[in-house]
Amino acid sequence: MMNIRKAVFPVAGMGTRFLPATKACPKEMLPVVDKPLIQYAVEEAIEAGITDMIFVTSWTKRPIEDHFDSNFELEYKLEQAGKKELLECVRAIIPDHVNCFYVRQKEALGLGHAVLCARDIVGDEPFAVLLADDLIYSHQESALTTMAQLASQRSSSVVAVETVPESQVSQYGVIDPVNGPDEEQTYQLKGIVEKPKAEDAPSNLSVVGRYILTPKIFELLAQTQKGRGGEIQLTDAIAALLAHESVFAHQFDGIRYDCGSKLGHMKANVEFAMRHPELKETFHSYLHELLRQVKV
Ligand code: UTP
């Protein structure tokens with residue numbers, strides 16, 4: 001398989017779990033410390049060598065377009081004020097070699113439908129899909145970089161998975177692996193199912209929001225009927241893909257935060273602040289002090 005050049009960011013969901021914050025502000029613009037979720041996802045794609053970022057948006061998502069556009073007035077003011085570091089940080093959001101494209105999903109018909117909206121821009125080549133509300137912290141190479149390499153070596157689609165407690169499998173897409181993981185922590189799939197009941201789940205390996213997909217998926221998405229929750233599910237199209245091609249699941253090395261949920265977002269903020277070069281010392285002392293007070 002050729003190198004992965006394009007990434008699709010489905011950002012057209014309603015973010016109902018985070019209301020009222022997400023009524024007028026896209027969920028993907030919620031910050032973790034000082035960066036919006038979508039910027040972390042774009043940075044992960046850039047690290048994986050991707051140059052074309054395709055955002056599938058809806059009517060409340062204008063701030064995402066503005067975030068990745070240049071803001072002449074702001075840059076001018078920062079320059080005049082001699083705030084070089086801030087100017088650099090604003091300019092570095094999108095490096096010069098990276099292009100952004102926007103396509104609208106007119107109705108929130110599901111993740112599968114959102115990915116299908118990017119078909120004409122992606123064309124006939126393998127591509128990545130990143131769900132920005134799954135924020136992944138990696139110690140070394142990012143999850144997507146490893147997955148892009150695996151997909152190229154195996155000329156196949158690769159989805160990211162992690163183990164979850166049995167009580168939570170009904171919230172996720174779950175894979176049915178052929179057998180145990182190989183030396184690259186990767187499983188071959190014989191099935192995949194969206195939000196199964198705990199007793200029907202084929203494994204406790206749940207799909208996380210990172211995918212490398214072959215373009216065959218578009219043909220299958222176009223034929224996919226509404227599934228779980230009345231939505232066109234990407235999981236169902238991947239299940240159909242298995243009849244044509246091998247599909248793999250990579251158990252990535254990193255920590256995933258479900259930032260579409262309030263608790264997951266809080267955890268991400270605390271842990272990213274504890275790692276943040278500017279904040280970590282004062283934040284550690286603050287937490288320490290807070291816990292000491294709580295105990296008293
Ligand atoms: P979620 O299941 O998290 O849905 O979608 P949501 O609407 O964003 O959030 P909740 O559950 O109501 O709180 C998974 C991903 O798919 C995108 C979302 O933006 C999110 O990144 N998506 C979902 C779309 O782009 N379009 C859709 O029709 C549905």
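Before moving on, here are some points about what is shown:
- In the stretch 53-73, the residues that are surrounded by 15 or more Cβ atoms within 10 Å (Cβ to Cβ) and under 19 Å from GLU107 (Cβ atoms): ILE54, PHE55, VAL56, THR57, SER58, THR60, LYS61, ILE64
- Selection count, the stretch 74-85, where residues are among the hydrophobic types (A, V, I, L, M, F, W, C) and surrounded by 14 or more Cβ atoms within 10 Å (Cβ to Cβ): 1
- Extreme residue, surrounded by the fewest Cβ atoms within 10 Å (Cβ to Cβ), among residues of the stretch 1-52 that are part of a strand (DSSP E or B) and within 14 Å of the ligand (Cβ to nearest atom): PRO36
- Condition check for LEU30: modelled with pLDDT of 95 or more, in contact with a Leu (Cβ under 7 Å, 6 or more places away or on another chain) and under 21 Å from GLY123 (Cβ atoms): no
- Helices (runs of 4 or more DSSP H) fully within the stretch 218-296 counting 3 or more residues that are within 16 Å of the ligand (Cβ to nearest atom) and open to solvent by 40 Å² or more (accessible area, probe 1.4 Å): 262-275
- Checked against the criterion of being in contact with a strand residue (DSSP E or B) (Cβ under 9 Å, 6 or more places away or on another chain) and in contact (Cβ under 8 Å) with a residue 12 or more places away in the chain, the candidates ALA24, ALA48 yield just one match: ALA48.
- Residues in the stretch 189-206 that are in contact (Cβ under 8 Å) with a residue 40 or more places away in the chain, open to solvent by 20 Å² or more (accessible area, probe 1.4 Å) and out of contact with any Ser or Thr (no Cβ under 6 Å at 6 or more places or on another chain): LYS190, VAL193.
- Qualifying strands (runs of 3 or more DSSP E) (wholly inside the stretch 93-186; at least 2 residues being under 27 Å from VAL32 (Cα atoms) and open to solvent by less than 10 Å² (accessible area, probe 1.4 Å)): 127-130, 157-163
- Residues being among the hydrophobic types (A, V, I, L, M, F, W, C) and within 18 Å of the chain's Cα centre (by Cα) - total across the stretch 176-206: 1
The values are calculated or read from the model by the stated rules, or taken from the named source; none is laboratory data. Since the model is a prediction, treat every value here as computed from it, not as a measurement. Ideal geometry is used to build each Cβ from the backbone, glycine not excepted, and the neighbour counts take in all protein chains shown. Protein only, heavy atoms only, side chains kept; ligands, DNA and RNA dropped before computing areas. Shrake-Rupley method; radii C 1.70, N 1.55, O 1.52, S 1.80 Å.
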